[in-house]
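To start, the structure itself, in structure tokens.
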Amino acid sequence: MIHNHIRNNNRYHNKKVQKKRKYEEIDEDEEDDEEPQVLIERQQDQIKQLKKEMKDEYSVDDLKKMCRKNDLSQTGDDWMILDRIADAMINGPPSRCPNCHCRVYFNKKLLQYQCLGSYDEDKGAVVRCPFTSKTIERNKWKK
């Protein structure tokens, strides 16, 4: 019994190593210093700079007021709110999902915008939305 457990763990470990190797192979094929186009278009460097400047200048309440004014989510850690605001100030607040009219977020791992859906009180559960896009319409920043 113990022998089977060890063998199963080794299989699991081997699969993880194989997956890691696949990712390493993919990374080797890409050019090392090239930033993905979607991050360049989002002006990621300017967003980082603005976040540094805003970090000590605004209180959390100030940041949440900016979120309300520009139809941005007010939830999350301080750094998440700051990131959301800096992106919206530079690129404009993202418009809502064309399918379900919920807020759209930028997924930095997948490098795409996506809608997470919303909570349906009748069903008592979160209803997922399949919307994803590399680009999204932006509105004008409201001061």
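The values are calculated or read from the model by the stated rules, or taken from the named source; none is laboratory data. Quick caveat: nothing in here was measured; it's all calculated off a predicted structure. As a convention, Cβ positions derive from the backbone with ideal geometry for all residues, glycine included, and neighbour counts pool all protein chains shown. Heads up: the accessible areas ignore ligands, DNA and RNA and are worked out on the full protein's heavy atoms, side chains in. Shrake-Rupley method; radii C 1.70, N 1.55, O 1.52, S 1.80 Å.
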Matching residues, region 117-132, being surrounded by fewer than 17 Cβ atoms within 10 Å (Cβ to Cβ), of a type outside the set (G, A, S) and either assigned to a loop (DSSP other than H, G, I, E, B) or out of contact with any strand residue (DSSP E or B) (no Cβ under 7 Å at 6 or more places or on another chain) (or both): E121, D122, K123, R128, P130
Over region 57-99, the set of residues farther than 27 Å from I40 by Cβ and not in a loop (DSSP other than H, G, I, E, B) is V60, D61, D62, K64, K65, R68, K69
So if I check each of M80, M66, which one is open to solvent by less than 80 Å² (accessible area, probe 1.4 Å) and under 13 Å from the mean Cα position of the chain (by Cα)? M80
Within the set of pairs 6+ apart or on separate chains, which have a first residue in region 69-80 that is closer than 15 Å to V104 by Cα, a second that is assigned to a loop (DSSP other than H, G, I, E, B) and open to solvent by 60 Å² or more (accessible area, probe 1.4 Å), and C-beta atoms under 6 Å apart? N70/K142; S73/R103
When region 40-63 is checked residue by residue, the ones that are within 19 Å of the chain's Cα centre (by Cα), surrounded by 13 or more Cβ atoms within 10 Å (Cβ to Cβ) and of a type outside the set (A, V, I, L, M) are R42, Q43, Q44, Q46, Q49, K51
Would you mind telling me which numbered condition in (1) of a type outside the set (S, T, Y); (2) open to solvent by 90 Å² or more (accessible area, probe 1.4 Å); (3) part of a helix (DSSP H, G or I); (4) closer than 18 Å to I47 by Cα K140 fails? (3)
When (1) among the β-branched types (V, I, T); (2) out of contact with any helix residue (DSSP H, G or I) (no Cβ under 8 Å at 6 or more places or on another chain); (3) free of Cβ contacts under 8 Å to residues at least 24 places away in the same chain are applied to V60, the one that fails is (2)
